[in-house]
Amino acid sequence: MSNIITIDIKEYKPGMKVSEEILNNFGAVLVHKNTMLDHYTIHRLKMHGINSIKIYEDYDEIEVKEEDTSKIYTEKINDFKSIVKDIGNGKKLDTLKVQNIVKELNDNFTSIYDVVTHLNNNRDIDEYTYSHSLNVSLLCSLIGSWLGLNQSQIRTLSYCGLLHDIGKSKIPHEILEKPGPLNSKEFEIMKKHTILGYNILKGNIAISKDIMMAVLLHHEREDGSGYPFGLKGDNITLYAKITAIADIFDAMTSDRIYKKRDTCFDVFEMFESEYLTKCDTSILLTFLKRIADYYIGSNVKLSDGSYGEIVFINQHQISKPIIKLEDERIIDLSKEKELFIKEVFS
């Protein structure tokens, strides 16, 4: 076991691993134990006035990448778009392109900051099908790491997220791009994308059964209310359960042709009120607690027009954090029933 040492703010370096939770003045977790420091995490600590931390003495300083993640993200969207269009035109899945996209995402989007930055960016609605698949891939990787899965499992999850909607390449464009909610007949056609996706991947020796089953089952729900088979609980694979949560979160926080995006806290509330019985509770709560911590320190606009900063996440009601207003007042949204977060600023 590596020795634990205390270091000064001037000594913080990417690659160091913190040996204990780091809290802000309100007791909220800024950095979780065993987190590896990167430039974003170091900036976050300095911004909150954390002048010293405890780390494990043995660490490998990581090389700072100069790649522009926005450029890489755009390039991978274009690569994935060509994959989807080729399948729609009757060609086979280009597994080499898929492998390259997953490798680039895993190599360059290494922190929650890298991931959430691109989730929050305004995206072209016409690009939704493609950006959504990249985002679900990134979120699946994050959730896998938060669950303590190994690198091989996390890589598999990246493939699950990227390919989860590949069956939509076989859905008519007038349904995919309809500027409004689908009617019942159209929805039945849309629901077939899980089986269509499975059939696209079936027999491809480069695609594992775990990935195929996640593509097939990511719309199944713990209570049996999902599709295509109405499976429950343990009959749904781990990878499908993780992909489902990532899929819902990105879909709800994205602009669509027929609706504007919800704020992340709107989605947290929806998860807490509607999905604790539909998604795997343990995975969902891990996801909510870890991703909500990212927003500590974020500025928000409330429904009454006031502005403030998120200073604490209520673990029993994640969607209702504690806010420090511009006039220094502290309000607990779980006790202010008329108030809610209208906008979140990064």
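Could you pull out the pairs from K92/K260; K76/K202; K71/K241 whose alpha carbons sit more than 26 Å apart here?
K92/K260; K71/K241
List the extent of the Cα atoms of segment 296-345 along each of their three principal axes, largest first, rounded to whole Å.
Principal-axis extents of segment 296-345 (Cα, largest first): 25, 22, 19 Å.
Quick check: convex hull of the Cα atoms in segment 4-56, volume per residue, rounded to a whole Å³?
Each residue corresponds to 64 Å³ of Cα convex hull volume.
Calculate the translational D of segment 203-346 in whole µm² s⁻¹ from Stokes-Einstein, where the hydrodynamic radius comes from the Kirkwood formula applied to all Cα pairs, the temperature is 10 °C and the viscosity 1.306 mPa s.
D, rounded to a whole number, is 95 µm²/s.
If packing is taken as the average number of other Cβ atoms within 10 Å across a peptide's residues, how do 328-337, 103-112 rank, most packed first?
Descending packing order for the listed peptides: 103-112, 328-337.
For a quick protection proxy, order the peptides 173-181, 296-304, 37-45 by their average other-Cβ count within 10 Å, most packed first.
So the peptides 173-181, 296-304, 37-45, ranked by packing, come out 37-45, 296-304, 173-181.
Modelling each spin label as a point 7 Å along the Cα-to-Cβ direction, I'd like the E309/H173 distance in nm, to one decimal.
Spacing of the two 7 Å Cα→Cβ label points: 4.9 nm.
What does the charge count near I200 come to, summing +1 for each Lys or Arg and -1 for each Asp or Glu among other residues with Cβ under 10 Å from its Cβ?
Net of charged neighbours comes to +3.
Over all distinct alpha-carbon pairs, what is the Kirkwood Rh of segment 108-205 in angstrom?
15.0
I want to check the label-to-label distance for I7 and K92. Put each point 7 Å from Cα in the C-beta direction and report it in nm to one decimal.
Label at I7, label at K92, 4.9 nm between them.
Using 0.36 nm per residue, how much length does the chain from F26 to S152 gain when fully extended, once their Cα-Cα distance is taken away?
The F26-S152 span can extend by a further 41.6 nm.
At 7 Å along the Cα-to-beta-carbon direction for both N204 and N106, put a label point, then send me their distance in nm to one decimal.
1.6
Which value results for Rg/Rh of the chain when Rg is the Cα radius of gyration and Rh the Kirkwood radius based on the inverse mean 1/r?
0.97
Name the residues whose placed amide hydrogens come within less than 5 Å of the amide hydrogen of I53, ignoring near sequence neighbours (fewer than 5 apart) on the same chain.
Here the answer is I7, since their amide H atoms fall under 5 Å of that of I53.
Please report the spacing between the Cα centers of segment 1-78 and segment 132-185 in Å, no decimals.
Measuring centre to centre over Cα atoms gives 29 Å.
Compute, for segment 50-197, the length of the dipole vector about the Cα centre, with Cβ point charges of +1 (Lys, Arg) and -1 (Asp, Glu) only. Units Debye, rounded to 20.
The dipole magnitude comes to about 920 debye.
Evaluate the charge dipole of the chain about its Cα centre and quote only its size in Debye, nearest 20, assuming +1 on the Cβ of each Lys and Arg and -1 on the Cβ of each Asp and Glu.
Using only the charged Cβ atoms, the result is roughly 1020 debye.
For the chain, list the DSSP H helices whose alpha carbon atoms reach 27 Å or more along the long axis and whose average Kyte-Doolittle value is -0.5 or above?
Those that pass (Cα extent of 27 Å or more, hydropathy at least -0.5) are 69-88.
Taking the Cα centre as origin and putting +1 on Lys and Arg beta-carbons and -1 on Asp and Glu beta-carbons, what dipole magnitude results for segment 4-56, to the nearest 20 debye?
Approximately 60 debye in magnitude.
Only the coordinates and a few stated rules stand behind these numbers; no lab work does. What you are looking at is a predicted structure, and each value in this text was computed from that prediction instead of being measured. Reconstructed Cβ throughout: ideal geometry from the backbone, glycine too, with neighbour counts over all protein chains shown.
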